[in-house]
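To start, the structure under review is shown below, and the notes come after it.
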Amino acid sequence: MDWNKLIWRAATLATTLTIFFLLLTVLTFWGLNTSEKLNFFIAIFTGGAALATAYAAKQAAKSAEVSERASKTWKHQMALDVELKEAKKIKVALMTYYRHFINEAHKYHSFTYSELVSDLEHYKKTDPKEFSNFIHKYSSQSSALWSELEAAFDEASFVKHDFEELKRYRISQYRHNASCEYLMVSFLKPRLEFGSPELKQAITGVYRVKDWNDLYFRNENIMKVQIEIRDDDESFKSIDAYCDLFEDVAQWHVQIASRIDRRIEEIKNKLSTEL
């Protein structure tokens, strides 16, 4: 509120009114006795002061209203700034986890399952402990990055726990980590049966192979995930179709990233319209 400007306006009004009433006084002043003249002056200045006070009060009320609106706008912009930072934090955590995941999971994407097993057999013969330690380190970092992602969601005020996609993303992440743990422990055993169903599931839960579809149609015991889609009422339902774990992760990743991107754009638009 600009009090100096307000006082100046009030003083200007008072001066104008005073001059007006003085001119009026000149016209009637000489026809009055001393007592009447005194009362007349008192009435003039009292009226002028009252008008100036009323004007000042009205301007003060307007200024208070403008100040209140500005305060509300500022608070709303601050809240939007916080939401924008939270959304960007989720986006960074989401992309960091996903990059870490695909860098390892897609390492052998150009290999068939048999080619991948041949490569793993070589590790088993040469340095199984080193490979086991590598998988352990990768899995531990995956868990840490996932915890950071979930923490970013928990801290975000706009999420409201309605990200059903995150729950399904979490299930795929747990399956992947469980496969990593199984593979890590298996490599430390004296004997390793690469043809066992459990190991097949673990290997195809850690690494993507290019002949996954062929393995699926041959009814091999590999890691597979039932596909879920949204129905007309926006709830999720499973359909009679399967994909590998890596397609499942990519699906939920894209859906979450899209929702976060839309929210970021909404916040930016609100901020730009209020500036």
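Values for this structure:
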{"quantity": "Contour excess over end-to-end distance, with Cα ends at D81 and K268 and 0.36 nm allotted per residue", "calculated": "66.4 nm"}
{"quantity": "Residue pairs, from the table K167/K210; K125/K200; K89/K167; K88/K137; K107/K210; K91/K224, whose Cα atoms sit over 21 Å apart", "calculated": "K167/K210; K88/K137; K91/K224"}
{"quantity": "Net charge over other residues, Cβ less than 12 angstrom from the Cβ of R218 (K, R count +1; D, E count -1)", "calculated": "-2"}
{"quantity": "Gained length - S118 relative to R230, 0.36 nm times residue gap less alpha-carbon distance", "calculated": "36.3 nm"}
{"quantity": "Charge tally in the Cβ shell below 11 Å around S139, where Lys, Arg are +1 and Asp, Glu are -1, S139 excluded", "calculated": "-1"}
{"quantity": "Whole-Å distance, taken between Cα centres, linking region 190-237 and region 78-103", "calculated": "29"}
{"quantity": "Prolate/oblate/rounded label for region 151-275 (Cα gyration tensor, a/c 1.5)", "calculated": "prolate"}
{"quantity": "From phi via Karplus (6.51, -1.76, 1.60), per-residue ³J(HN,Hα) for region 219-231 in Hz, x at Gly/Pro", "calculated": "6, 6, 7, 10, 6, 9, 10, 6, 6, 10, 9, 7, 8"}
{"quantity": "In sequence order, calculated HN-Hα J values of region 134-150 (Karplus, 6.51, -1.76, 1.60; Hz; x Gly/Pro)", "calculated": "4, 4, 4, 5, 4, 5, 5, 5, 4, 5, 5, 5, 5, 4, 5, 5, 5"}
{"quantity": "For Y242, distant residues with modelled amide H under 5 Å away", "calculated": "I227"}
{"quantity": "For a label point 7 Å along the Cα-to-beta-carbon line of L192, residues of region 111-126 with backbone N under 11 Å", "calculated": "117-126"}
{"quantity": "Sites S258 and A151 - FRET efficiency at Förster radius 22 Å, r taken between beta-carbons, to 0.05", "calculated": "0.55"}
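A short reminder: the numbers here are calculations on the coordinates, not readings from a lab. Just so it is clear, the model here is predicted, and its values are computed rather than measured. Methodologically, a virtual Cβ is constructed for each residue, glycine included, from the backbone with ideal geometry; neighbour enumeration extends over all protein chains shown.
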